[in-house]
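A.B. asks: Attaching a single structure in structure tokens format; questions to follow.
The values are calculated or read from the model by the stated rules, or taken from the named source; none is laboratory data. Quick caveat: nothing in here was measured; it's all calculated off a predicted structure. All Cβ positions, glycine included, derive from the backbone under ideal geometry; neighbour counts span all protein chains shown. Ligands, DNA and RNA are stripped out before the accessible areas are found, and what is left, the full protein with its side chains, is counted by its heavy atoms. Shrake-Rupley method; radii C 1.70, N 1.55, O 1.52, S 1.80 Å.
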Amino acid sequence: MRGSFFSRLPPQLSLLLLLSLRRVWTQEDIGTAPSKSPVAPECPEACSCSLGGKANCSALALPAVPADLSWQVRSLLLDHNRVSALPPGAFANAGALLYLDLRENRLRSVHARAFWGLGVLQWLDLSSNQLETLPPGTFAPLRALSFLSLAGNRLALLEPSILGPLPLLRVLSLQDNSLSAIEAGLLNNLPALDVLRLHGNPWTCNCALRPLCTWLRKHPRPASETETLLCVSPRLQTLSLLTAFPDAAFKQCTQSLAARDLAVVYALGPVSFLASLAICLALGSVLTACGARRRRRRRTKVRHLLRRQLDPEGPPSLEDAGSPATAAIQA
């Protein structure tokens, strides 16, 4: 039918109409063409990235954290590398990180500001490294953290100031370290903590262990998890379960001063010393001035007495008129 329609038209008009229809069909084909697949987010040069912001940098023998991280990275896998230190602002360009895996590196030092800028980080794994100490405030910026693993390191002390208050932390893994006790302040700063993995540490069952035993009684765990929590010292408590100590077992323990009380003591000590020193100096100065004045008056009286003896006919001074020495001479 279309052929019969075009046959009635003049040849020039038919050609013009066919060209215009071809242009419309071409534009329709272009409009229905499939779009290109989305491009993966900006990725560190040595790593492989996928949609959703996952950067896989595992097992690449990297000596340091990649410097070309971006805000599009949500998950960063840096496990099984050769990273030995985390400098200040190591992840400053990846402030949207939610998941950070640093397992099985050679980490020996972590700067106190290494994790600055990671305010939304939820998962941090630092297990199987060579950490012996951590500076105060290391994890304080990670207010959204819910999982933290420090397992398989060489930590002998974990002060409350290292973790700081982490209100959302639910899982803390500390197994296979060199910890002998956990301070009360550390657990008090973790109100949401539900899982605390502790096996493989040389626990010393003395008064310092009281906060940990109290926490374990309030958060009972399956026997398979608690039966490996054993005392290593003192000898009488060797191989005793940490969960076997009731609160009455610590009744002989005197409560140590809180950190705030110690700070007050340390602050008042020098102040009181300086205050007492100032008072002593002031009293000494007053006593010295009084003694000097007394000696000066005594010397003045002696001089007038001698002068009067040498010149008995001279008129007495007003000061000597009422003195005992002048009265004796006049008599």
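A.B. asks: Taking region 252-270 only, how many residues are open to solvent by 60 Å² or more (accessible area, probe 1.4 Å) and at pLDDT 75 or above? Spell out how you get there, then give the answer.
C.D. replies: Here is the first cut: in region 252-270, the ones open to solvent by 60 Å² or more (accessible area, probe 1.4 Å) are 252, 254-257, 259-262, 264-266, 268, 270.
The next check asks that each one be at pLDDT 75 or above; those that pass are 270.
Qualifying residue count, region 252-270: 1.
A.B. asks: Show the residue pairs that are 6+ apart or on different chains and have beta-carbon atoms under 8 Å apart, the first residue being within region 89-108 and over 20 Å from GLN72 (Cβ atoms), the second being open to solvent by 70 Å² or more (accessible area, probe 1.4 Å) and not basic (Lys, Arg).
C.D. replies: Partner pairs satisfying both residue conditions: ARG103/HIS80; GLU104/HIS80; ASN105/HIS80; ARG108/GLU132.
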